[in-house]
Amino acid sequence: MRRSFFPHAPAFLHRFLLSAALVAGTAFAAVQAEAAPKTSVTIGMSVEPTGLDPTIAAPVAIGQVTWQNIFEGLTTVDRTGKVQPQLAESWEISPDGLTYTFKLRSGVTFHDGEVFDSSVARFAIERARGETSVNPQKRYFQTITSIETPDPQTLVLKLSKPTGSLLYWLAWPSSSIVGTRSAENNKTTPVGTGPFRFVSWAKGDRVELARNPDYWNKQGAARLERAVFRFMSEPQAQAAALQAGDIDAFPEFAAPELMQSFEGHERLVTVIGNTELKVVAGMNNARKPFDDKRVRQALMMAIDRNTLIEGAWSGFGTPIGSHYTPNDPGYVDLTGTYPYDPEKAKALLAEAGYGNGLAFTIKAPQMAYAQRSSQIMQAMFAEIGVTMNIETTEFPAKWVSDVFKGADYEMTIVAHAEPMDIDIYARDPYYFNYGNPDFNAVLDKVQLTSDAAEQAVHYGEAQKILAGDVPALYLFVMPKLGVWDRKLKGLWENEPIPSNVLTEVYWEE
Amino acid sequence: MRAGLRRPILAAGLLLTAGLVSLAVLSLFWTPRPPGQMQIAMRLKPPFEQGLLGTDQFGRDVASMLMSGAWNSLSTAMAAVALGASLGCALGLGAAVWRGWAQALVLRGCDIVFAVPPILSAMMLAAFLGPGRGTAIIAIATFMVPVFARLTLGGARQIWSRPYVEAAIGMGRPPWRITFLHVLPNIADQIIVQATIQLGLAILTEAGLSFLGLGMAPPAPTWGRMLADAQTFLGPAPWLAILPGLAILLSVLGFSLLGDGLRDLLDPRAS
């Protein structure tokens, strides 16, 4: 018992050796000779999906594997974020905005041979909106009152009130059209109508897809024979795999600080694009002291967004002033509503009765962006006499149960991935506990029209309300840090919706 | 100096630990810059370019953080060892007095605690208490207890069978007096040696726990979290990982050498 012993070889040592081995591995791979044009691609992702059915669970990783590759919708969005027809060839909207008549495409079959027609479309939508539905965006279907199928190529949706965003919502991964025979098993063996069919899923490692030879759209058929999604959470391992050529593309590379290591690389390019990832520090608006608007405004003024972006995300990011990104329609730059001004912030805190300081706890998930942003905010708040304790809360399980569902928190920080989700502030219950009737009224107006310009005006108003009320601290939009092979073409540079659309991807000769 | 040459292990151990302790204590009064102060414009500057040891991803001074981290590491480790050693010694001495089922209970208890890795018990504790310094101290102390319990039990049983102790028993001295007058002083050197060696282990475990986010909460700098934060900066800023790694290495080495040296000094027969 006298000798000291070290049975608990520290985890960091293990990781260190692992990355050392990976770095060594790159030296060999670089020598690999280029063969004939490749017909397969390996895409890297940081997060493995929890299942492969985007219509029954929320994680965006599900859609990033399946959407537009395996599954398609009545409508879709293109790489610029515009709504386009897909399984619905065209549509007509009645003047009162209450009846949508879709003309469905003929000659479409699922990967298992099932023929797509209006009854299948009805099945898919009924499944998504029904009582027992666990669809992550179920509320998108709530204004649908009935679904009629006058003939196999016609689908009629009757609405209870005008829903201007319906066509856009129908394009979401969660609105994917699933087959009547295969829907039950989509979680493990997804069957859709898309240009790729599912081959295999080795849990913890990869999902493999193969070209669908019977794809309905001959012009839009996949150019690749095979596609593999590989899952790798460690940024060091991601970088090593890219440099070794084990992975052809990492559309969402996890570590901004490693981006510069790819600069000037002979085979890899870096592509910085837009996303919808809004990093916001939500506050429990129902709890003291955050029920006082002035406290929230003061905290907002304590934050120098540009410095925060520099420190937390190596300068990759765009400051935002409300829950809206510069690529969304009708964006207004509101970062000037409560700009960085520690003196004013202090005065406002004193006015609210917290002149002697204030202490609270932030429940921050373990992700690098959240931890780093929290530490910087902690230092910035200290400047105005506010003490913020950081409590690391495991994401997703514990965060979802404590913060998202339980609303048992004071402040938290997370990146909201869903595009155009400003309506979360109108939801009740939602973890911000915001509840502003004026805001809700503005959002209702958005749905009354399907005219994009008019919607944009209302969205502008909604942004201004949030920027003034500061129910959450609006920090920045994360960019899409893409790293991929120079010869790989056709990947989306921007991400109007979380996705990895591979239809148009090919290798340049 | 000559003593140092005769006992190079002890001298090296003393040198390293004295350096660590003095830096840790100094950090309470002075660091080159406030360890938590961020200067984001000055981020990721290499050693000598900005401060003695460069800056981290928030522009904090690495030298100051290492000094302050030394105190956080050392004080946590000392508290844990003190707690674990007193509990363990009490159990061991008690078991030596009562023998029989009490001894069996203590020994089996030790086996059970040994079977659970400290990282695991810390994670379970953190789930109840929330992560923090207290959790780290309790978790580290928990796996120190059996080490000291077994050590003192073994040592104490030897002492209890010595003739002068048997004489004391014959004179009707109560067991607690014998324990404190005869048993404890005779095994104190073993306990001190073990405590020194365990300090190094405690520092290593503390670093492991704070690496996993189960140690002291930020902004308090800890070596473990510095390492964790440095992971993705290995390429652009290798000093961020090397320096705290070196600090951990040298402290663990220091206490290990000091323990070995002390043992040689206190118990010449062992070597």
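Among the conditions (1) part of a helix (DSSP H, G or I); (2) out of contact with any Cys (no Cβ under 8 Å at 6 or more places or on another chain); (3) over 22 Å from residue A:314 (Cα atoms), the only one that residue B:191 does not satisfy is (2).
Annotation: of all residues in the range B:181-195 being out of contact with any helix residue (DSSP H, G or I) (no Cβ under 6 Å at 6 or more places or on another chain) and touching a residue at least 40 places away in the same chain (Cβ under 8 Å), the one that is farthest from residue B:94 (Cα to Cα) is B:192. Of all residues in the range A:79-93, those being surrounded by 13 or more Cβ atoms within 10 Å (Cβ to Cβ) and part of a loop (DSSP other than H, G, I, E, B) number 5. Residues in the range B:202-249 that are part of a helix (DSSP H, G or I) and either out of contact with any His (no Cβ under 9 Å at 6 or more places or on another chain) or not small (Gly, Ala, Ser) (or both): how many? The total comes to 31. Applying the criterion of at least 3 residues that are under 25 Å from residue A:207 (Cβ atoms) and of a type in the set (S, T, N, Q) to the helices (runs of 4 or more DSSP H) found wholly in the range A:232-325 leaves A:235-244. Do we have any residue at all in the range B:232-245 that's within 11 Å of another protein chain (Cβ to nearest Cβ), buried (at least 24 other Cβ atoms within 10 Å of the Cβ), among the hydrophobic types (A, V, I, L, M, F, W, C) and in contact with a Gly (Cβ under 8 Å, 6 or more places away or on another chain)? Taking every residue of the range B:232-245 in turn, at least one turns out to be within 11 Å of another protein chain (Cβ to nearest Cβ), buried (at least 24 other Cβ atoms within 10 Å of the Cβ), among the hydrophobic types (A, V, I, L, M, F, W, C) and in contact with a Gly (Cβ under 8 Å, 6 or more places away or on another chain). Exactly one residue among A:227, A:221 is in a loop (DSSP other than H, G, I, E, B) and out of contact with any Asp or Glu (no Cβ under 7 Å at 6 or more places or on another chain), and that residue is A:221. Could you please let me know if residue A:131 is not β-branched (Val, Ile, Thr) and not in a loop (DSSP other than H, G, I, E, B)? Answer is no for this residue. Out of the residues in the range A:180-213 meeting the condition of being small (Gly, Ala, Ser) and free of Cβ contacts under 8 Å to residues at least 40 places away in the same chain, tell me which one is surrounded by the most Cβ atoms within 10 Å (Cβ to Cβ). Out of the qualifying residues, it is A:210. Here the condition is being of a type in the set (Val, Ile, Thr), under 26 Å from residue B:74 (Cβ atoms) and surrounded by fewer than 20 Cβ atoms within 10 Å (Cβ to Cβ); of B:192, B:112, B:169, B:203, it holds for B:192 alone. Taken over the range B:71-86, the criterion of being polar (S, T, N, Q) and more than 11 Å from the chain's Cα centre (by Cα) is satisfied by B:72, B:86. Filtering the range A:256-271 to residues that are among the hydrophobic types (A, V, I, L, M, F, W, C) and under 23 Å from residue B:231 (Cβ atoms) leaves A:258, A:259, A:262, A:268.
The set of residues in the range A:98-124 that are under 22 Å from residue A:161 (Cα atoms) and assigned to a loop (DSSP other than H, G, I, E, B) contains only A:98. The residues of the range A:251-272 that are in contact with a strand residue (DSSP E or B) (Cβ under 9 Å, 6 or more places away or on another chain) and away from chain B (no Cβ under 14 Å), listed by number, are A:251, A:252, A:267, A:268, A:269, A:270, A:271, A:272. Only one entry in A:75, A:154 is over 21 Å from residue A:58 (Cβ atoms) and either surrounded by fewer than 20 Cβ atoms within 10 Å (Cβ to Cβ) or touching a strand residue (DSSP E or B) at 6+ places or on another chain (Cβ under 7 Å) (or both), namely A:154. Any chance the range A:220-227 includes a residue that's in contact with a helix residue (DSSP H, G or I) (Cβ under 6 Å, 6 or more places away or on another chain) and at pLDDT 95 or above? No.
Note on the range A:397-432: residues that are in contact with a Ser or Thr (Cβ under 9 Å, 6 or more places away or on another chain), in contact (Cβ under 8 Å) with a residue 40 or more places away in the chain and over 15 Å from residue A:281 (Cβ atoms) total 4. Filtered by the rule that a residue be part of a strand (DSSP E or B), under 18 Å from residue B:130 (Cα atoms) and more than 9 Å from chain B (Cβ to nearest Cβ), the range A:385-406 gives a lone residue, A:388. Any chance the range A:362-384 includes a residue that's of a type in the set (S, T, N, Q), part of a strand (DSSP E or B) and within 14 Å of another protein chain (Cβ to nearest Cβ)? The answer is no; no qualifying residue exists. Would you confirm, using the coordinates I've provided, whether residue A:191 is over 19 Å from residue A:88 (Cβ atoms) and modelled with pLDDT of 95 or more? Yes; evaluated as a whole, the condition is true for this residue. A single entry from A:302, A:255, A:281 fulfils the requirement of being modelled with pLDDT under 95 and either crowded, with 21+ Cβ neighbours inside 10 Å or among the polar types (S, T, N, Q) (or both): A:255. Just one of the listed residues (A:491, A:475) is part of a loop (DSSP other than H, G, I, E, B), aliphatic (A, V, I, L, M), surrounded by 20 or more Cβ atoms within 10 Å (Cβ to Cβ) and touching a residue at least 12 places away in the same chain (Cβ under 8 Å), namely A:491.
The residue that is farthest from the other protein chains (Cβ to nearest Cβ), counting only those in the range B:1-31 that are within 26 Å of the chain's Cα centre (by Cα) and part of a loop (DSSP other than H, G, I, E, B), is B:30. Put simply, of A:177, A:147, A:125 the only residue that is surrounded by 16 or more Cβ atoms within 10 Å (Cβ to Cβ), more than 25 Å from residue A:51 (Cα to Cα) and at pLDDT 95 or above is A:147.
Looking at the range B:103-138 only, could you name the residues that are touching a residue at least 60 places away in the same chain (Cβ under 8 Å), among the small types (Gly, Ala, Ser), part of a helix (DSSP H, G or I) and within 11 Å of chain A (Cβ to nearest Cβ)? Across the range B:103-138, the qualifying residues are B:122, B:126. In the range A:265-278, of all residues being under 17 Å from residue A:245 (Cβ atoms) and not polar (S, T, N, Q), the one that is surrounded by the fewest Cβ atoms within 10 Å (Cβ to Cβ) corresponds to A:266. Output yes when any residue across the range B:131-151 is out of contact with any helix residue (DSSP H, G or I) (no Cβ under 7 Å at 6 or more places or on another chain) and among the polar types (S, T, N, Q), and no when none is. The answer is no, given that none of the residues of the range B:131-151 is out of contact with any helix residue (DSSP H, G or I) (no Cβ under 7 Å at 6 or more places or on another chain) and among the polar types (S, T, N, Q).
Take the range A:403-417 and flag every residue that is in contact with a strand residue (DSSP E or B) (Cβ under 9 Å, 6 or more places away or on another chain) and closer than 23 Å to residue A:138 by Cβ. A:403, A:404, A:414, A:415, A:416, A:417 - these are the residues of the range A:403-417 that are in contact with a strand residue (DSSP E or B) (Cβ under 9 Å, 6 or more places away or on another chain) and closer than 23 Å to residue A:138 by Cβ.
The values are calculated or read from the model by the stated rules, or taken from the named source; none is laboratory data. Model, not experiment: these values are computed from the prediction. Every residue, glycine among them, receives a Cβ derived from its backbone with ideal geometry; neighbour counts consider all protein chains shown.
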